[in-house]
Structures are given as C-alpha cells and as structure tokens.
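**Q** Sharing a structure here in structure tokens format.
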Amino acid sequence: MKKKATLHRSILYRIAAIFIIVLILISCEPFTAATETAMLQPRATDSAAPPPALFQSKFLNSFDTPRAYIKDSCAYLINRWNRVNAAPGTVVMVVTFNEDVLYDFSRIMNQLHDQGFKAITTQQFLTFMERNGKIPPRSVLLIQENSHPAGDFKRFKEYWALWNWPVVNGWVSEPSTPELLWQENIALEAEGWVDHQAQGVIPGTFLSDDSSKTVISRELKGSMTAFAAYYAKNPLAIIWPSGGFGMRPAQAARQLGYQLGFTSNSRGPVMYNWVPLADELDPTRPAYLPEGYIHDPLMTLPRYSQDQILDAIDQVRVTGNEAATFAKDNQSAEFEYYQAVCEPIYGRMPTP
C-alpha cells in the first residue's frame, strides 16, 4: 500500500509539473501584430456617450448615402481633430476631362480658382483620405482620361504655370502604344506636373464580377508592369476602364497594391471618412452602377464628368462649409465619446 501511495503521488507531481510548464509556455506566447491590433480596439464601456455622427448632405441624391470607412472610431477622431491635419469640412471634388477640346475648359478652371479650390496630386489625395493629411480646405483632383501626346496637355500647363496646379492622367498601357508617345509622357512625368495613373491596358475593356481572371489580371497587373517599366513607379490609383468595376476586380486591385479606385459615378464630392455610394440601382440614372456592396469606398470613389463640373462647384463649396459647421456643433459630443471610450487606450485627445 505504501509503495502504491508513493506511485500515485509521483504521477500527480508529474501531471502538476506538466501543467505548470504549459502555463508558462502560454504566458510566453510571442506578441504578434494580431495581438497588438486586438489590444488597440476600443472596448465597450458603461458610458452613454453616443458614437460619432456622420454628416449628411442635402445635395446628395436619395439613392446616395455617405459611407464611413475608418473602422476604428478612436483613430478617426484623433486624425479628425489633430491640428496638423486637414480641418473638418475639407472637401475634394474629383473631376474628369475626356475630350481633346473643351469649349468651357478655361471657364471651369477659373470658376474653381475663384471659389477657392486648389488642385492636388494623387498622393496628396490618398494621404488625406487615409489619415486626414493636410490639403487645401477646397481641393480638386483634375483627371484627364486616356493616353495623350504631350501637346494635348498644353491647356493644363497654363494653369500649372499660373497656380501650380497638377493634372492626373489616366494612362492606358496599350501594348501597341508608339515609343514616341511613351517618351513624351515620361518627360511630362519627370517635369512633375502630369501625374500618370492606371486606366487599364486594352481600350474599351469593361471590368465586372463576370470578368475572367485573365482579363482582370491583364488590365490591373498589366498596368502595374508597364508603369514599372516606363514610369519607374507603381500607380496608386486605378481609374476603372470604361467605368466598369466589381468586387472581384476591386479585391484584385487591392492585392496588387492599388490604393484608390475611381468609378464614373458622379455621386458627389468626398471628405475624410466620407464617401457617397449607393446600394441599389437608380432607375433615373441607370449608368450609375451600385458600388456599396463592395464595402471598400476608397476603391469605388465618385467623380464628376466635365459637363457636370460648373453646376456642381457651388454645391461642393457649400457642402464643405456645412460639414465644418456640423463638426463644430458635434465637437463636444465627439470629445465626450473619445474621453469615455478611447482615452483609456489611446491617451488624451490632442488639444484642438
């Protein structure tokens, strides 16, 4: 009996030792990025403070609603109120030109300038949309669609000389592009005022969720390859060819490194963490494909066509002003929310 009791105690000691070792190993688990991310997520509290409200614009169509895309509301508020960032109400008007000759071109440019707009680059736009990087309170992203010879950019160069306004070119990386056309645009890129971004490979291609992997890869990866070879850079944006897009093309674009995508839907301007999108087809605007189901607003950004710009300028300006007023009216509520939910994790809000 004594030997059996001793054997039982020995087995129990071994089991206890193994259990202790397992606990030690678990406590020593490496601190991974996933662990850090989990720790940084705001935790629910007993506070009655409401989450940040989203500005609503009276100028949007009833089918179009603004979408927030920053998942961490605490990080959003820090970026929103940081004094070194863009002020609340900063608005961007994305506009597109697609004709070689525009009767109203100079009128459009002068109207934008007279109402306080300034042109920005794709990189500035990306920084603003991702983390509210500082840009002019009224900004415009000028996009010239399709590949063009250098001479077609003369009208833009005038405003680069006057106001330092750059232009974005939606470059189609067609395999049959003449070498001279490539070299002319390489020179424009080097001068710093023409910012080439991708617009596919084969003219007339319309991407959708029904497009084959081969076609999606050709248009997206093909552009990346051509840009690396000729412009020595990776494009930040895809200007969806012929206005066609879908969840599969958007996901593929993200995987390849694109960070922005522009549709041909003219739903309105954009602001930090604020992009108007639609979930269903509007019978009065059948050309506007619903993009809300993709759940990636930065890959389905709206832009105004050239014939809509003059009518929209004043609405965009007023939208920015009203969004600034909305932010001021809600500042106390947003700081109350931050103090209750975010401060224990992120520390005090930067002084506004």
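**Q** How many residues are part of a loop (DSSP other than H, G, I, E, B) and either touching a Leu at 6+ places or on another chain (Cβ under 8 Å) or of a type in the set (Ser, Thr, Tyr) (or both) if we restrict to the stretch 201-237?
**A** Here the count works out to 6.
**Q** Quick test of your reading of the structure: Trp160 fulfils all but one of (1) over 25 Å from Trp240 (Cβ atoms); (2) out of contact with any strand residue (DSSP E or B) (no Cβ under 8 Å at 6 or more places or on another chain). Name the failing condition by number.
**A** Status for Trp160: all satisfied but (2).
**Q** May I pose another question? List every residue pair whose Cβ atoms sit under 7 Å apart, with the two residues 6 or more apart in sequence or on different chains, where the first one lies in the stretch 78-101 and is at positive phi and at pLDDT below 95 and the second, anywhere, is surrounded by 20 or more Cβ atoms within 10 Å (Cβ to Cβ) and not in a loop (DSSP other than H, G, I, E, B).
**A** Hits for this filter: zero, empty list.
**Q** Further question: Report, by residue number, each residue of the stretch 181-217 that is without any contact (Cβ under 8 Å) to a residue 12 or more places away in the chain and either buried (at least 20 other Cβ atoms within 10 Å of the Cβ) or aliphatic (A, V, I, L, M) (or both).
**A** Ala190, Val215
**Q** From the list Ala287, Ala312, Ala253, pick out the single residue that is in contact with a strand residue (DSSP E or B) (Cβ under 6 Å, 6 or more places away or on another chain) and either of a type in the set (Val, Ile, Thr) or without any contact (Cβ under 8 Å) to a residue 60 or more places away in the chain (or both).
**A** Ala253
**Q** Quick one: in the stretch 129-172, which of the residues that are touching an Asp or Glu at 6+ places or on another chain (Cβ under 6 Å) and buried (at least 23 other Cβ atoms within 10 Å of the Cβ) is farthest from Ala87 (Cα to Cα)?
**A** The extreme case among them is Gly170.
**Q** If I ask for residues that are loosely packed, with under 14 Cβ neighbours inside 10 Å and hydrophobic (A, V, I, L, M, F, W, C), which ones from the stretch 50-85 would you list?
**A** Hits for the stretch 50-85 are Ala53, Leu54, Val84.
Matching residues to (1) touching a helix residue (DSSP H, G or I) at 6+ places or on another chain (Cβ under 8 Å); (2) over 24 Å from Met299 (Cα atoms):
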position: Glu158; (1), (2): no, yes
position: Trp165; (1), (2): yes, yes
position: Leu180; (1), (2): no, yes
position: Glu184; (1), (2): yes, yes
position: Thr214; (1), (2): no, no
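**Q** Could you give me the residue pairs with C-beta distances under 7 Å whose first residue belongs to the stretch 220-231 and is at negative phi, whose second residue is of a type outside the set (Gly, Ala, Ser) and in a helix (DSSP H, G or I) wherever it lies, and which are 6+ apart or on separate chains?
**A** Leu220/Leu256; Lys221/Leu256; Met224/Leu256; Tyr230/Trp182; Tyr230/Ile186; Tyr231/Ile186; Tyr231/Glu189
Every residue, every condition in (1) under 20 Å from Lys118 (Cβ atoms); (2) modelled with pLDDT of 95 or more; (3) buried (at least 23 other Cβ atoms within 10 Å of the Cβ), yes or no:
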position	(1), (2), (3)
Arg248	no, yes, no
Ala253	no, yes, yes
Arg267	no, yes, yes
Thr284	no, yes, no
Tyr288	no, yes, no
Glu291	no, yes, yes
Ile294	no, yes, no
Tyr304	yes, yes, yes
Gln315	yes, yes, no
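**Q** While we're on this one: Got at least one residue in the stretch 148-163 being outside any loop (DSSP other than H, G, I, E, B), touching a residue at least 12 places away in the same chain (Cβ under 8 Å), touching a His at 6+ places or on another chain (Cβ under 7 Å) and not small (Gly, Ala, Ser)?
**A** Yes: the stretch 148-163 contains one or more residues that are outside any loop (DSSP other than H, G, I, E, B), touching a residue at least 12 places away in the same chain (Cβ under 8 Å), touching a His at 6+ places or on another chain (Cβ under 7 Å) and not small (Gly, Ala, Ser).
The values are calculated or read from the model by the stated rules, or taken from the named source; none is laboratory data. Model, not experiment: these values are computed from the prediction. Positions of Cβ are generated from backbone atoms using ideal geometry, with glycine treated the same way; all protein chains shown enter the neighbour counts.
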